[in-house]
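**Student:** Here it is, the structure in full.
The values are calculated or read from the model by the stated rules, or taken from the named source; none is laboratory data. Keep in mind that what you see is a predicted model, and the values were worked out from it rather than measured. A quick note on method: Cβ atoms are made from the backbone with ideal geometry, for glycine too, and the neighbour counts reach across all protein chains shown. Accessible surface areas use protein heavy atoms only, side chains included; no ligands, DNA or RNA. Shrake-Rupley method; radii C 1.70, N 1.55, O 1.52, S 1.80 Å.
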Amino acid sequence: MQHLRQLLETENSELARLLRCSLHGLESALNQAYTELPSDPGAETCAELLQEIQSLLQPVYKQETIISQSLDELKLHHLRDAWNADPELSLYLGDAPLQSQTDADLWNEIHRKILRIPDDLAAFWQQRALDFAQEIGAIEDNSHLYQLPFIRDDIVYSGLRGSVNVKGLCLSQKALLNSKVIQHNDSEDLQLLAGFLSLYRNFIEIEPDLHHALKSIFSFDIISLHSKPEQQNQYIEALKDRFHRIQKAEENSEDIAIVRAWIDIDEAIHSLVFIPPVERYSWWGKLQQESRRTLKKVADKANKSGHNIRIRQLSGLYADICAFSKDDLQLNCGGIPGEVLTCLRVYARINQEESPGRVIFRSLR
């Protein structure tokens, strides 16, 4: 167990990720067998083994931020109560209540939700959270941050020290370089995609509310990565496969192949979603738009080489764009009834050949 935990706690490790995925698969198989074979002579030992696996799979980030306290003695309970009482938040986040049982987890849960709401509302709640923290003797701390690998350095949100000690979150270029995903001769576009691959792989480990809507894995629904952990590995593998296809297309300098590969990986990037999908001008929404802006730049470059390529991000009334999309998904929460909530895949016309887009839209009910 010691070496299993040591490997799982290794940051930015592909081996750690593979071990975690394997343990999730083992946990799922044992759970099913334990349910179907309650009288098996190994049932009691199996139950204990499942507890050990669940303990191992507790995210490292969560382990680091947990502090010892009584569940009914949250120091930040005024922050929790104020958050739960704000009706505007439910417009963007749905009606799911906060789940955290410790101050450290509460701080992280609220701030990860802040990444999904519009900038002005996010700024208001970031300041309000700091005000509540200062009232109970905690101050802002940017010296101890959990690092997400990406192409730039940036503080996503601050941690705390004092009466509550908790790590914040940041983007780290050094962590990306240490992940070995980037090669020394990779283009800026490939470096961005490597950043998304590494960031997503790490963020999935700490965010239980993430879902995927990637059609190549499952086309009929939006799947929770927390309740179906085996889907995590399938999603990351699909993202890696599309990344390698762009690498190959760039090596061969094939303009049309590059555009098609970019459309595919942009779809994968935008198919990592929350329910309801994030507001476009939130931190998370703007992060994903970096991929789409680069896709449009790639298409413009191909047009200058003599091709005829049109890229369209589908938005607005669903009735107005449904002719340009296929296999769409609908939700009965978030946004405005009858409107597109998020564009998973752009509509494209490549040298007169049409490729439909794909969206999530709000039902009229």
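**Student:** Do any strands (runs of 3 or more DSSP E) entirely within region 241-353 hold 3 or more residues that are at pLDDT 95 or above and over 26 Å from D119 (Cβ atoms), and if so, which?
**Tutor:** Qualifying strands (runs of 3 or more DSSP E): 347-350.
**Student:** Here are some conditions: (1) open to solvent by less than 60 Å² (accessible area, probe 1.4 Å); (2) acidic (D, E); (3) touching a strand residue (DSSP E or B) at 6+ places or on another chain (Cβ under 9 Å). D300 meets all but one. Which one does it not meet?
**Tutor:** (1)
**Student:** Show the residue pairs that are 6+ apart or on different chains and have beta-carbon atoms under 6 Å apart, the first residue being within region 171-191 and within 24 Å of I258 (Cβ to Cβ), the second being among the β-branched types (V, I, T) and in a loop (DSSP other than H, G, I, E, B).
**Tutor:** Within 6 Å, the pairs are Q191/I151; Q191/I182.
**Student:** Inspect all residues belonging to region 127-143 and state whether any of them is under 23 Å from I204 (Cα atoms), open to solvent by less than 50 Å² (accessible area, probe 1.4 Å) and not in a loop (DSSP other than H, G, I, E, B).
**Tutor:** no
**Student:** Within 26 Å of Y157 (Cβ to Cβ), surrounded by fewer than 19 Cβ atoms within 10 Å (Cβ to Cβ) and within 26 Å of the chain's Cα centre (by Cα) - does that describe any residue in region 307-330?
**Tutor:** no
**Student:** Right, next: What pairs can you find where one residue is in region 252-281 and in contact (Cβ under 8 Å) with a residue 12 or more places away in the chain and of a type in the set (D, E, K, R), the other is part of a loop (DSSP other than H, G, I, E, B) and open to solvent by 40 Å² or more (accessible area, probe 1.4 Å), and their Cβ atoms are less than 8 Å apart, with a gap of 6+ or different chains?
**Tutor:** D255/S305; D255/H307; E267/K215
**Student:** Hey, can you tell me all the residues within region 178-206 that are more than 19 Å from the chain's Cα centre (by Cα) and not charged (D, E, K, R)?
**Tutor:** Selection gives N178, I182, Q183, H184, N185, S187, L190.
**Student:** Restricting attention to region 156-163, does a residue exist that is over 21 Å from the mean Cα position of the chain (by Cα), open to solvent by 70 Å² or more (accessible area, probe 1.4 Å) and of a type in the set (K, R)?
**Tutor:** Checking region 156-163: at least one residue is over 21 Å from the mean Cα position of the chain (by Cα), open to solvent by 70 Å² or more (accessible area, probe 1.4 Å) and of a type in the set (K, R).
**Student:** A further question follows. If you check G338 against the conditions, is it in contact (Cβ under 8 Å) with a residue 60 or more places away in the chain, under 21 Å from V273 (Cα atoms) and surrounded by 14 or more Cβ atoms within 10 Å (Cβ to Cβ)? Even if it seems obvious, please write down each step before you answer.
**Tutor:** On the way: in contact (Cβ under 8 Å) with a residue 60 or more places away in the chain: no; under 21 Å from V273 (Cα atoms): yes; surrounded by 14 or more Cβ atoms within 10 Å (Cβ to Cβ): yes.
Considered against the rule, which asks whether it is in contact (Cβ under 8 Å) with a residue 60 or more places away in the chain, under 21 Å from V273 (Cα atoms) and surrounded by 14 or more Cβ atoms within 10 Å (Cβ to Cβ), G338 comes out as no.
**Student:** Could I ask something else about it? Given the options A249, A175, name the one that is small (G, A, S) and touching a Pro at 6+ places or on another chain (Cβ under 6 Å).
**Tutor:** Residue meeting the stated conditions: A175.
**Student:** Could you please give the count of residues in region 262-271 that are touching a helix residue (DSSP H, G or I) at 6+ places or on another chain (Cβ under 6 Å) and either open to solvent by 10 Å² or more (accessible area, probe 1.4 Å) or of a type outside the set (D, E) (or both)?
**Tutor:** 6
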